[in-house]
Amino acid sequence: MDPDSLINAVLGPLAQQIAAVVFYDVPAFGTRVPLIVVWLSLGGIVTTLALRFVNLRGVGHALRVIGGRYSSPDQPGETTPFQALATAVSGTVGLGNIAGVAVAIAIGGPGAAFWMVVAGFFAMSAKFAEVSLGVKYRRMRPDGTVAAGAMYYVPIALARIGLPRVGKALAVFFCVAAVGASLTVFQVNQAYSQFREVTGFQSGLLFGLAVAIWVALVLFGGMRRIARWTSRLVPAMCVLYLL
């Protein structure tokens with residue numbers, strides 16, 4: 001058995017079991033709807049209404065922030081606003097905008113693209129809330145690096161309502177789930193498929209190792225190196241995507 005087939009044989013069943021739990025669906029409106037879609041959609045709708053459509057009201061302010069109007073070299077942090085945006089966008093251009101849309105249309109038909117736009121509109125508010133909480137409750141380390149994310153603000157929120165242990169458990173679960181999610185991201189698979197189609201190269205294992213080494217050289221440099229790379233690559237990615 002070749003290395004690619006061996007990896008698929010080992011990880012394939014595990015990925016299917018995880019997907020069966022994460023995408024558990026129920027019958028509704030003559031079809032089956034995954035509960036995670038309902039949960040995420042409700043989160044976006046609630047934050048949009050609670051924040052009075054900040055996804056529309058805040059566009060101008062967001063552009064001014066990205067442009068550096070409110071930035072100062074004396075402010076704490078490891079990246080500029082533009083670098084932070086580029087780092088966030090680096091994980092969606094390609095995976096969500098191209099591969100994700102193609103998969104959704106293939107499975108659900110052309111109407112899936114419309115509902116992705118609707119879901120994305122409300123998800124803007126959920127993302128605003130997530131990032132705002134991450135910035136507000138971030139931790140500044142003595143060396144100037146920053147630690148932030150749901151694993152920090154969720155325990156704080158639940159501790160305020162008397163559930164500190166639940167908050168800590170969810171923080172650990174979030175970290176473990178984030179690592180697990182990174183194993184199922186199919187950006188590298190899509191890249192390998194295209195590379196194989198063009199060049200005829202037939203070893204997914206070697207291609208994956210090469211990409212892993214390249215990514216490691218960036219990631220192990222910390223947030224500053226990641227931001228430097230994404231701030232240069234993402235604009236080009238966006239231009240190519242729009243073209």
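The values are calculated or read from the model by the stated rules, or taken from the named source; none is laboratory data. Source: prediction; values computed, not measured. Backbone-built Cβ (ideal geometry, glycine too); neighbour counts: all protein chains shown. Only protein heavy atoms, including side chains, enter the accessible area calculation; ligands, DNA and RNA are left aside. Shrake-Rupley method; radii C 1.70, N 1.55, O 1.52, S 1.80 Å.
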The lone exception for residue 214 - which of (1) within 20 Å of residue 86 (Cβ to Cβ); (2) within 16 Å of the chain's Cα centre (by Cα) it fails: (2)
Qualifying positions in the range 6-63 - closer than 30 Å to residue 189 by Cβ, open to solvent by 90 Å² or more (accessible area, probe 1.4 Å) and outside any helix (DSSP H, G or I): 23, 24, 32
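Of the residues 113, 86, 102, only one is crowded, with 16+ Cβ neighbours inside 10 Å and either modelled with pLDDT of 85 or more or among the hydrophobic types (A, V, I, L, M, F, W, C) (or both); which? Spell out the reasoning first.
Working: 113 fails: crowded, with 16+ Cβ neighbours inside 10 Å; 102 fails: crowded, with 16+ Cβ neighbours inside 10 Å.
Unique residue meeting the criteria: 86.
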Exclusive hit being surrounded by 13 or more Cβ atoms within 10 Å (Cβ to Cβ) and in a helix (DSSP H, G or I), set 166, 176: 166
Pairs with Cβ under 7 Å, 6+ apart, first in the range 56-79 and under 22 Å from residue 120 (Cα atoms) and β-branched (Val, Ile, Thr), second open to solvent by less than 50 Å² (accessible area, probe 1.4 Å) and part of a helix (DSSP H, G or I): 65/81; 66/81
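Considering the range 11-65 alone, what residues qualify as being at positive phi and not hydrophobic (A, V, I, L, M, F, W, C)? Outline the logic, then answer.
Keep residues of the range 11-65 that are at positive phi, which gives 29-30, 52-53.
Residues satisfying the conditions are 30, 52.
Being modelled with pLDDT of 90 or more, touching a Leu at 6+ places or on another chain (Cβ under 7 Å) and either part of a helix (DSSP H, G or I) or open to solvent by less than 50 Å² (accessible area, probe 1.4 Å) (or both) is true for just one of 132, 125. Which residue is that?
Working: 132 fails: touching a Leu at 6+ places or on another chain (Cβ under 7 Å).
After applying the criteria, what remains is 125.
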Neighbours by Cβ (under 8 Å, 6+ apart or cross-chain): first from the range 146-175, closer than 24 Å to residue 22 by Cβ; second of a type in the set (Lys, Arg): 152/138; 152/139; 153/136; 155/168
